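Every number here is computed from the coordinates shown, using simple stated rules; none is lab data. No experiment lies behind these values; they were computed from the predicted model shown. Here the Cβ is made from the backbone with ideal geometry for all residues, glycine too, and neighbour counts use every protein chain on show.
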Amino acid sequence: MHTHHRALGLAAAPNGRGDAADFLKLRPAEPVWLLRPHAARRAARFFVEEFPGRSLYAVKANPAPELLRVLWDAGVTHYDVASIGEVRLVHETLPGAVLCFMHPVKAEESISEAYFEHNVRTFSLDTLDELEKIVRATATDGVPAADLNLVVRIRVSSEHAKLSLASKFGADPNDVKALLFAARQAADALGICFHVGSQAMTPAAFAEAMSRVRDAIVDAAVTVDIVDVGGGFPSWYPGMEPPPLETYFSVIHAAFEALPISYSAELWCEPGRALCAEYASLLVRVEKRRGDELYINEGAYGALFDAAHIGWRYPVRLVREQDSHVRPMAFSFYGPTCDDLDHMAGPFELPGDVGAGDYIEIGMLGAYGCAMRTQFNGFGVGLSRVVGDEPMASLYADVREDRSNVVQL
């Protein structure tokens, strides 16, 4: 992991957009998204080149069309979509993309539209009811489709992840054998998938899940063509420093090679956070200080949803024309709405003299931050600029660590 807290923090991109000095001179009253296409491109190239299989971008993490185009240009050709809205968006933005409808519970109308209008052939499921729904929705004049990739989602542990995804989806262990056998009869290609949870902090999460895959294949005695290890690949946040992604890939590859599957079987993954977290940060303004509480102009109903509702901590730094030599201290944030719930406990470490009128950059918000915004109470983010500097933290950038938490312009 590499962190980057240099004075270059808000330097303009080569195309001249997003000049930091101009930001401070203009004193924007709204938050400003700082977009780093080069960081997303680098992350995508890393997965395309280093993951020992195919990488599907999990669109829910950030569905911005401009990001989708960056990932496509970097070599990501397959996309994990979870709704007909995402299907339509990606199909319109990237007509050549391969879409995989990986939500295990779908409206029959959505399945039909995806199959007949958007060329979707890959569908996830975790029950016999969903399998029957997919078969019905993709049939032509009562004749079942012969070109379906059906991927059975099994339930695995989320104990190694910061956010669990173990309780809502995944076939019950007692049902997996019958489900795999039935799906095999309806599928051109049969797959097994799982999700170890978001922000998995150890490769052991994937090793344990792959052992469940092995047991399922042996028990059902079916030929499996696709093994999809899902998402969960981590990014760097304060207090959450994962091992290098290469270690995850190595563990997954070794487990995949040991499975009782044919030599032609494919290995898939569905990174979301890992591809887009470094893509964006947010420049916010302090409107008021009350002791160790800072009132800022973004919050729980916007980009900081996770910071408020699940206590996620993001890297922060003060953006100021004058350097601060005041010792850092821990702050919490209040967002701009009228709700007490609009509170981000942190702690967020900033120089002790931060106050009203100062600007703070909040990093690693390309994942989910961009996707969770609402217009509640009339607040919303309306500005964005492309910048050319490094993200505040990176699992990909080869930069030296500097623990300063002030950006001096």
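Remarks
- Cα-centre dipole for region 38-276 with unit charges at Cβ (Lys and Arg positive, Asp and Glu negative), debye to 20: 440
- Under the criterion of Cα pairs below 8 Å and six or more residues apart, the relative contact order for the chain equals 24 percent.
- Helix 204-220 axis, angle to the chain major axis (alpha carbon atoms, nearest 10°): 10
- Across the options G346, Y248, A330, the greatest Cα extent toward the positive end of the charge dipole of the chain (unit charges at beta carbon of Lys, Arg, Asp, Glu) belongs to A330.
- In the chain, lysine pairs closer than 26 Å at Cα, eight or more apart or cross-chain: 11
- Computed from Cα positions, the angle between helix 245-257 and the longest principal axis of the chain comes to roughly 10 degrees.
- Electrostatic dipole magnitude of the chain [Cβ: Lys, Arg +1; Asp, Glu -1; Cα centre; debye, to 20]: 680
- Loop-exposed GluC sites (Glu not before Pro) per DSSP, neighbour cap 16 Cβ within 10 angstrom, longest uninterrupted part of the chain: 160-320
- Dipole of the chain, positive direction: furthest Cα of V227, G299, H195, with charges on the beta-carbon: G299
- Over region 38-276, all Cα pairs binned in 5 Å intervals from 0 give whole-percent P(r) values of 1, 7, 15, 19, 20, 17, 13, 6, 2, 0, 0, 0, listed from short to long.
- Whole-percent P(r), region 257-409, all Cα pairs, 5 Å bins from 0: 2, 8, 17, 20, 18, 13, 7, 4, 3, 3, 2, 1, 1.
- Rg ratio (alpha-carbon, reference 2.2 N^0.38 Å) - region 44-95: 1.08
- Residue-averaged [θ]222 nm for the chain, counting only DSSP H segments that reach four residues, each worth -39500 (n - 2.57): -8000 deg cm²/dmol
- A viscosity of 1.002 mPa s and a temperature of 20 °C, combined with the Kirkwood radius over Cα pairs in Stokes-Einstein, give a translational diffusion coefficient for region 106-225 of 143 µm²/s.
- For region 206-317, fraction of C-alpha pairs farther apart than 20 Å, in %: 57
- Whole-percent P(r), the chain, all Cα pairs, 20 Å bins from 0: 27, 52, 20, 1.
- Given charges at Cβ of Lys, Arg, Asp, Glu: the chain dipole, positive-most of H118, V76, S281: S281
- Neighbours of R285, meaning other residues whose beta-carbon lies under 10 angstrom from its beta-carbon, give a summed charge of -3 when Lys and Arg score +1 and Asp and Glu score -1.
- C-alpha center-to-center spacing [region 64-139, region 231-258] in angstrom: 26
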